[in-house]
Amino acid sequence: MEYGKVTERELESIRQIVGVERVSVGESVLDLHSKDESFHKRQRPDAVVWPLNSEEISQILKIANERRVAVTPWGAGTSLEGNPIPVEGGIVLDLQQMNHILDLMKEDLQVRVEAGVIYKELNQSLSRDGLFFPPDPGASATIGGMVGNNASGIRTVKYGSTKDFVLHMVIVLPSGAIIRAGTNAIKSSSGYDLCRLFVGSEGTLGVITEVTLRLIGLPPEFMAAVIQFDTIRDATDTVSQIMRSGLSPAALELLDAPTVHVVNLFKKLSLEERPTLFVEFHGTSALGLKEELEWVKEIGADHHFLRFDAGIGREDRNRLWDARYKVRESIKVNNPGLYALVIDTAVPISKYSDMVEWGQKILEKKGLKGYAFGHAGSGNLHMEILGVPEEKAQWRRVLEAGEEIVSFALEGGGTATGEHGIGIGKRKFMEREHGESLNVMKQIKNLLDPNGIMNPGKIFE
Ligand SMILES: Cc1cc2nc3c(=O)[nH]c(=O)nc-3n(C[C@H](O)[C@H](O)[C@H](O)COP(=O)(O)OP(=O)(O)OC[C@H]3O[C@@H](n4cnc5c(N)ncnc54)[C@H](O)[C@@H]3O)c2cc1C
């Protein structure tokens, strides 16, 4: 499909809508909006616009649609699959200035926010009222970007992913129409679930401008433990057994020995460099949590743990989770000059151990360097497989390794991406994962965006 360029004519029309201050064609601004956190090739947009409300976005989309100019919504650009890279140039709509908490409905455990709100700032503000929004991708992501990618994180195992918290949204369609989807009731059987259609749509169907989120009360008590094993199989088998046992951890994370090594170096920790689980429970009674951890200890003992450190105080617990959040940075800093292909497969929990083992075998077979970690309790494996994209033969092996791990996940009834989205990198797996449903997705895309202006080149090849 041919896309129009943003010429002086379009720029002038947009300036009339948002004012001169909120449109830029400056080199550094275009560069900043040419990349996310992945290795995918950079591509500058023609212009970046910072809208303030749905009406401005509606007018801009009408112009873009009429002149067939590509439009890419932008949250914080922290994606890992090239999701917000404007591969066809055009306009980037950066929602950064739409960052207001509009209405905290404490009594209903709900909050209405603009899409550019950073979730960490939201949680900081909510904590004053004893509330929180659980999905936490770690990076400084926006609510719009989290909805766009259906992000999740370490607490998803207990609380769910972004899709489980979105009640209502305001969306601007490529035609310029402003629609409302969802309800403030926590349950509804009324018609098609349009909210869920836009969750995970990666900016390909419209621009989300407002989101009403369900919230959770902050747990009064928490307890964490670190469990270390001789083999990664013992660690992952422990995970499956914990999940099968009826326990409900609030976090259950895996780090292989090389990951523990880089985290030790980066965060100045002194963890033994062995396959490790971080586990945390939330609840109302310290006694109850202690019992749950005792149960976990018994399960770990069945799988020959070498160390079981419970009774971790608040400060050490925060340091551990900070270290977990910094895994990607730790890998990056300790491997200068190398890029990571990020695996994000997820499988039913019974297949998790086999998938991790398979991933490690593939790395060994292909002679590649990699790190395995992830949201094990949710069956989600992250592997960062390292290489240099310009070194063609080596990078081909990196890509082949990625494909073999994804194939394993798909054959086991899983998915190519548990939380990062399709973006550019995972498009090649869509047909295998969805079969005929992929055509239905394409029909929905054509219906809502017949000119294909919204974030082209993503999700579909
Ligand atoms: C260190 C690190 C750790 C991470 N860990 C995790 C993790 O544990 N779990 C996880 O899920 N992710 C993780 N991520 C990935 C990333 O943070 C998430 O995908 C996040 O949701 C992206 O949010 P963002 O605001 O940066 O969105 P962007 O990257 O700017 O955009 C994401 C997608 O949503 C679209 N979009 C953005 N805003 C809107 C809007 N208002 N309307 C419509 N579409 C929109 C964009 O076009 C794009 O396709 C991690 C990233 C980093 C760098």
Could you list, in sequence order, all residues of segment 442-461 that are modelled with pLDDT of 95 or more and surrounded by fewer than 16 Cβ atoms within 10 Å (Cβ to Cβ)?
-> Lys442, Gln443, Ile444, Asn446, Leu447, Pro450, Phe460
For Thr259, state whether it is over 30 Å from Ser188 (Cβ atoms) and of a type in the set (S, T, N, Q).
-> yes
Please verify whether segment 194-202 includes one or more residues that are within 30 Å of Val279 (Cβ to Cβ), more than 15 Å from the ligand (Cβ to nearest atom) and surrounded by 17 or more Cβ atoms within 10 Å (Cβ to Cβ).
-> no
Report, ordered by the first and then the second residue, all pairs with beta carbons closer than 6 Å, sequence separation of six or more or different chains, a first member in segment 198-209 that is within 17 Å of Ala64 (Cβ to Cβ), and a second member that is within 7 Å of the ligand (Cβ to nearest atom) and small (Gly, Ala, Ser).
-> Gly203/Gly148; Ile208/Ala115; Ile208/Gly144; Thr209/Ala115
Identify the single condition in (1) modelled with pLDDT of 95 or more; (2) surrounded by fewer than 22 Cβ atoms within 10 Å (Cβ to Cβ) that Gly138 does not satisfy, given that it satisfies every other one.
-> (1)
Search result, residues across segment 170-196 that are of a type in the set (A, V, I, L, M, F, W, C) and touching a Cys at 6+ places or on another chain (Cβ under 6 Å) | Ala181
Wholly inside segment 230-327, helices (runs of 4 or more DSSP H) that include 1 or more residues that are modelled with pLDDT under 95 and in contact with a strand residue (DSSP E or B) (Cβ under 6 Å, 6 or more places away or on another chain) are 286-302, 314-325
Meets criteria (within 15 Å of Thr212 (Cβ to Cβ), touching a strand residue (DSSP E or B) at 6+ places or on another chain (Cβ under 9 Å) and charged (D, E, K, R)) for Arg155 | no
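So that you can scan it fast, the table gives a plain yes or no per residue for (1) open to solvent by less than 10 Å² (accessible area, probe 1.4 Å); (2) without any contact (Cβ under 8 Å) to a residue 24 or more places away in the chain; (3) within 30 Å of Leu363 (Cβ to Cβ):
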site	(1), (2), (3)
Asp230	no, no, yes
Ile242	yes, no, yes
Ser245	no, no, no
Pro258	no, no, yes
Val263	yes, no, yes
Lys267	no, no, yes
Glu291	no, yes, no
Leu306	no, no, yes
Looking only at segment 203-213, which residues are more than 7 Å from the ligand (Cβ to nearest atom) and polar (S, T, N, Q)?
-> Thr204, Thr212
Condition set charged (D, E, K, R) and open to solvent by 60 Å² or more (accessible area, probe 1.4 Å), scope segment 428-441, selection farthest from Asn149 (Cα to Cα): answer is Glu436
Going by the structure shown, is Phe165 more than 10 Å from the ligand (Cβ to nearest atom), out of contact with any helix residue (DSSP H, G or I) (no Cβ under 6 Å at 6 or more places or on another chain), among the aromatic types (Phe, Trp, Tyr) and modelled with pLDDT of 95 or more?
-> yes
Right, Phe305: among the aromatic types (Phe, Trp, Tyr) and in contact with a Leu (Cβ under 6 Å, 6 or more places away or on another chain) or not?
-> no
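Residues are listed down the side, and each one gets a yes or a no for (1) within 26 Å of the chain's Cα centre (by Cα); (2) in a loop (DSSP other than H, G, I, E, B); (3) on the phi > 0 side of the Ramachandran plot; (4) of a type in the set (Asp, Glu):
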residue	(1), (2), (3), (4)
Arg9	no, no, no, no
Glu12	no, no, no, yes
Leu30	yes, no, no, no
Lys35	yes, yes, no, no
Members of segment 339-366 that are within 16 Å of the ligand (Cβ to nearest atom) and open to solvent by less than 70 Å² (accessible area, probe 1.4 Å) = Ala340, Leu341, Val342, Ile343, Asp344, Thr345, Ala346
Scan segment 311-345 residue by residue and report those that are among the aromatic types (Phe, Trp, Tyr) and under 15 Å from the mean Cα position of the chain (by Cα).
-> Tyr325
Which one is nearest to Phe132 (Cα to Cα), of the residues in segment 60-109 that are polar (S, T, N, Q) and open to solvent by 10 Å² or more (accessible area, probe 1.4 Å)?
-> Asn99
Note down all Cβ pairs under 8 Å where the first residue falls in segment 110-127 and is over 16 Å from Gly145 (Cα atoms) and more than 14 Å from the ligand (Cβ to nearest atom), the second is open to solvent by less than 40 Å² (accessible area, probe 1.4 Å) and hydroxyl-bearing (Ser, Thr, Tyr), and they're at least six residues apart or on different chains.
-> Gln110/Thr212; Val111/Thr212
Which of (1) within 15 Å of the ligand (Cβ to nearest atom); (2) free of Cβ contacts under 8 Å to residues at least 60 places away in the same chain is the odd one out, the single condition Lys426 does not satisfy?
-> (2)
List every residue pair whose Cβ atoms sit under 7 Å apart, with the two residues 6 or more apart in sequence or on different chains, where the first one lies in segment 324-338 and is in contact (Cβ under 8 Å) with a residue 24 or more places away in the chain and the second, anywhere, is near the ligand (Cβ under 9 Å from one of its atoms) and not hydrophobic (A, V, I, L, M, F, W, C).
-> Tyr325/Gly138
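The values are calculated or read from the model by the stated rules, or taken from the named source; none is laboratory data. In this text, all values refer to a predicted model and were calculated from it rather than measured experimentally. A quick note on method: Cβ atoms are made from the backbone with ideal geometry, for glycine too, and the neighbour counts reach across all protein chains shown. To get the accessible areas, we keep the full protein, side chains included, count just its heavy atoms, and leave off ligands, DNA and RNA. Shrake-Rupley method; radii C 1.70, N 1.55, O 1.52, S 1.80 Å.
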